[in-house]
Amino acid sequence: MEILCQLCNNSRATVHVTDIVPPNGEKRERHLCEACAEQEGITMKQHEPINTILAKFVQHKVGGGMQEVANLTCPHCGVTFREFRSQGLFGCPHDYEVFDQHITPLIERAHGGATRHTGKVPRRLGVRAGQQAELANLKRRLNEAVDKEDYEAAARLRDHIKALETDGG
Amino acid sequence: MEVDDLTRRTGEWLRGEGPSSEVVISSRIRLARNLSAHPFLSKADDAERQAVYRLLNKCIAGTDLGDDALLVNMEDTDELDRQLLVERHLISKQHAENRGCRGVVISPDETRALMINEEDHLRIQCLRSGLQLDSLWEEINGIDDLIEKQVEYAFDERFGYLTACPTNVGTGIRVSVMLHLPGLKLSGEIERVFRAARDTRLAVRGLYGEGTDAIGDFFQISNQTTLGRSESEIISEFGSDIIPRIVQYEQTAREVLARERPYQLDDKIWRAYGTLAHARTVGTDETLYMLSHLRLGVQMNRFKLVDLQTVNELFLLAQRAHLQKINGGALDADQRSIARAELLRKRLGAST
């Protein structure tokens, strides 16, 4: 049942393109593998798996004291940055703190530029923590509204933020 | 309740009910959570794993999952039963194949499944047929609250819920919707839809999630990023924006097919029926493809020899583990293809 790539006739076709061919607007279907599709200029914008991001991230840093970073070890669970790099998994919750500055750019990249949690907060942390998260969320949305020149929404969000800030301290 | 009891039912995600169920098979939300006082699983020894397992088991018993919940200890469960749970979307493939102390607690109606010691200490999953994300969030949020009362989750003000893999950090939420898109597939427009989905940082996967192919025009769409936006923002983007649009595309594609290529459409449906009702040996992939076309025929009211319930049941029963369970024992690949064909002939009403 597998369709092979029409160009290399070798790999499985996973990219299916319908071209409209001028002058009659005739439809032409092409079935290509990912590699050939890319060569044909058909780009597949895909979410990068964590290991790819890691690899790129590491390449980027090579030469700048990378060895030192690789040997960085969490005193709580004993995981090294090198281990994290190869598996994509942390050893314990403390790793986020221990590797902080080395993983922040990576986390940013994996989450479309986001660096701060703005969702649910465990109740045990109290009302204040919940408000902090909500504030961060509102501020982000305010920036988005301004970017989109949606000033009505921006004004509403600004008022909401003010109210929370005076209220929550 | 035992694992064997499951084979006698269809399972929630194939009930074929709920909003937009012509296109949306099921909605699922899962939350990844870890205990602050224990290392993540890659650094947990047997004793740690067991401690987490026991503690979370107790906590789950303290939620409203019901007395009749099914607790499955993966280490005491054979390969066939584990595969059965994968086929019913109650555990991940990874959870079935992993080693060490781990388990799952399943509610009697199979709408809730809580995996212990998968990639994270706890993965809470809620599942419904059709497009029902808002009520799912309310439900899973409530379960999470009940567990959170009893344990201390690993949480950081900046990074949110801390997870073993940084791709899940923040909300730890994964929202997935399973779609049946035979219309877009037949009209050749499906890649365009997926490219648009990927551009908005959504993942498109096959029937059984990560690393599986899209078989029989079933696709799972889920969020990729978990940090930066709140749970309700993620859900509302999905439930009120992206998915309804794809549903609309699919509906339009079906209407166009019916209007412009009715013979080709009916030919697909009837050939599928012909194969399924008369084949003497048939593999899983072919069965799922054919059932997909049959489902399209039933949904579009163009095919009336079979009802939706039967088609949905066959989606499950024709799969590897279910088939062996009904047959009461292990079958090799050839035997399975023969048994599958027999089952299909019997259920689809062909006399010989």
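At-a-glance table
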| quantity | calculated |
| --- | --- |
| Scan of region B:160-203 for residues that are over 24 Å from B:Leu136 (Cα atoms), touching a helix residue (DSSP H, G or I) at 6+ places or on another chain (Cβ under 8 Å) and more than 7 Å from every other protein chain (Cβ to nearest Cβ), ordered by number | B:Pro182, B:Gly183, B:Leu184, B:Leu186, B:Ser187, B:Glu189, B:Ile190, B:Val193 |
| Members of region A:140-167 that are exposed (fewer than 12 other Cβ atoms within 10 Å of the Cβ) and assigned to a loop (DSSP other than H, G, I, E, B) | A:Lys148, A:Glu149 |
| Residues located in region B:1-38, provided they are closer than 18 Å to B:Leu70 by Cβ and in contact with a His (Cβ under 7 Å, 6 or more places away or on another chain) | B:Thr7, B:Trp13 |
| Selection status of B:Glu313, more than 22 Å from B:Leu184 (Cβ to Cβ), at pLDDT below 95 and surrounded by 16 or more Cβ atoms within 10 Å (Cβ to Cβ) | yes |
| Given (1) in a loop (DSSP other than H, G, I, E, B); (2) at pLDDT 95 or above, number of the condition B:Pro19 does not satisfy | (2) |
| Residue ID - farthest from B:Val175 (Cα to Cα), chosen from residues in region B:11-58 that are touching a Pro at 6+ places or on another chain (Cβ under 8 Å) and among the polar types (S, T, N, Q) | B:Ser36 |
| Number of the condition not met by B:Thr212 [criteria: (1) at pLDDT 90 or above; (2) part of a loop (DSSP other than H, G, I, E, B); (3) more than 10 Å from every other protein chain (Cβ to nearest Cβ)] | (1) |
| Extreme residue, surrounded by the most Cβ atoms within 10 Å (Cβ to Cβ), among residues of region B:228-244 that are farther than 15 Å from B:Gln132 by Cβ, modelled with pLDDT of 90 or more and under 21 Å from the mean Cα position of the chain (by Cα) | B:Ile234 |
| Any hit, region B:247-259, residues being buried (at least 19 other Cβ atoms within 10 Å of the Cβ) and either among the β-branched types (Val, Ile, Thr) or at positive phi (or both) | yes |
| Pick from region B:328-337, criterion surrounded by 15 or more Cβ atoms within 10 Å (Cβ to Cβ) and in a helix (DSSP H, G or I), ranking: farthest from the chain's Cα centre (by Cα) | B:Gln335 |
| Every residue from region B:235-270 that is more than 14 Å from B:Ala197 (Cβ to Cβ) and within 14 Å of chain A (Cβ to nearest Cβ) | B:Ile235, B:Ser236, B:Ala253, B:Val256, B:Glu260, B:Arg261 |
| In region B:73-110, the residues that are polar (S, T, N, Q) and surrounded by fewer than 20 Cβ atoms within 10 Å (Cβ to Cβ) | B:Asn73, B:Thr77, B:Gln94, B:Asn98 |
| Criterion violated by B:Asp46 - all others in (1) free of Cβ contacts under 8 Å to residues at least 40 places away in the same chain; (2) closer than 18 Å to B:Glu119 by Cβ satisfied | (1) |
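The values are calculated or read from the model by the stated rules, or taken from the named source; none is laboratory data. Keep in mind the model is a prediction, meaning the values are calculated, not measured. We place every Cβ from the backbone using ideal geometry, glycine too, and count neighbours over all the protein chains shown.
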